[in-house]
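Okay, structure first, notes after.
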Amino acid sequence: MRLLTTMLHVSVLGAALLPVPASGQLGTPDVATTAPADAWPQFRGNPSLTGVSESTLAAELTLLWTYEADEAIDSSAAIADGTVYVGTWAGTLIALDLATGEERWTYTTGDLGIGESSPAVAGDLVFIGDLGGVFHAVDTETGTARWTFETLGEIKSSPVVMGDRVLIGSYDGYLYGLAIADGALLWKYETLNYVHATPAIWDGIAYFGGCDELFHGVRISDGAEVVSLSAGAYTAASPVIIDGKVFFGTFDNEVLGIDLATQTLLWRYEHPQRHFPFYSSALGVDDTIVIGGRDKMVHAIDAQTGEPRWTFTTRARVDSSPATSGGRVYAGSSDGRLYVLDLATGDKLWEFDTAAPLVASPAIAEGRLVIGSEDGVVYCFG
């Protein structure tokens, strides 16, 4: 059942939607929409989750170093101040020197491990959630805990930092707003199912699709609901926002484009032959959306029309979320390969076989690309 219709004026709960409040004009971002050249501080590189880096990578990548961790890695790396941060299924948060791959410190979260939750760095703190439902703030210099916050479900969502607060979703059905300084609960927003996706930020609002088949907008200042729309399907993928428009894939085998100002469905994309869910989070650059699918393909879609631009077929599903820099797309696949594709054409420019599935997503900074694999190896290319 597809409840997301052309005009989105009523939530499935039957209540009229609240108007979207704005700190400025909707369509003008109040956050960075690219990762700076010297950092990739959070999942997808920036609070709008665009997956875009200003760093320049070599035309043909070279493997610079590897690090063997204690367990599989689904967590995507963060990079800040010359340090790589990544979590493992053993529950270890690891800090590595970006230049050499040498271990700086390790921090143990809990026995249940770290799944897909990816670190976020702000100042002298790095944040990450674990599968035991605990959210951790760790000192970037010492690798010791500053504070922790307990939820009642697994944390697979990744943290997003905005000003003096950090947002995190949990499988207990809540999105939490916490104070960076001490982890104090500022507000919590209840959904009807797990919160798997990481929220994307635009104009003071945190937007995310839920496992309750709703698309939510939550005001960061106080946790108030400002948008609740039916997406018509279970949604695990995180959204990407560009120019006041949001794009995300669903388990109904579709990618949706929505105008945030009018709450209007712009388009829906579905491959004409291969009908598989989208678990990967899209990248958005200029007028192009690129997303991985469980149909083993990487899809490029026109952001204005929803028409396909190109597809590239791998040998296994693509749950890893692609990143882009310098007109190239960097995509991992569960076939174990890291692919470099031409953004304009989808032509394959280069590939590297890690021999283990890549579920984590690439992080790009300082002319280097870092990604972890399911056999517990961190790779750094430059």
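Key figures
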item	result
Whichever residue in the range 304-337 is touching a residue at least 60 places away in the same chain (Cβ under 8 Å) and surrounded by fewer than 24 Cβ atoms within 10 Å (Cβ to Cβ) and, among such residues, is nearest to Ser361 (Cα to Cα)	Arg328
Residue satisfying condition, being assigned to a strand (DSSP E or B), buried (at least 19 other Cβ atoms within 10 Å of the Cβ), touching a Pro at 6+ places or on another chain (Cβ under 6 Å) and modelled with pLDDT of 95 or more, within set Val290, Val340	Val290
Elements of type strands (runs of 3 or more DSSP E) in the range 246-285, at least 2 residues being of a type in the set (Val, Ile, Thr) and in contact (Cβ under 8 Å) with a residue 40 or more places away in the chain	255-259
Check on Thr311, of a type outside the set (Gly, Ala, Ser) and modelled with pLDDT under 95	no
Flag if Ala137 is in contact with a Phe, Trp or Tyr (Cβ under 6 Å, 6 or more places away or on another chain), farther than 28 Å from Val285 by Cβ and either acidic (Asp, Glu) or modelled with pLDDT of 95 or more (or both)	yes
Residue match in the range 222-238 (condition: out of contact with any helix residue (DSSP H, G or I) (no Cβ under 9 Å at 6 or more places or on another chain) and under 15 Å from Thr50 (Cβ atoms))	yes
Any chance Leu167 is buried (at least 23 other Cβ atoms within 10 Å of the Cβ) and over 30 Å from Gly82 (Cβ atoms)	no
Among (1) in contact with a Leu (Cβ under 8 Å, 6 or more places away or on another chain); (2) on the phi > 0 side of the Ramachandran plot, the one test that Lys296 misses	(1)
Test: residue in the range 242-258 that is more than 19 Å from the chain's Cα centre (by Cα) and not aliphatic (A, V, I, L, M)	yes
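The values are calculated or read from the model by the stated rules, or taken from the named source; none is laboratory data. Every value quoted in this text rests on a predicted model; they were computed, and no experiment measured them. Cβ sites come from the backbone with ideal geometry, for glycine too, and all protein chains shown count toward neighbours.
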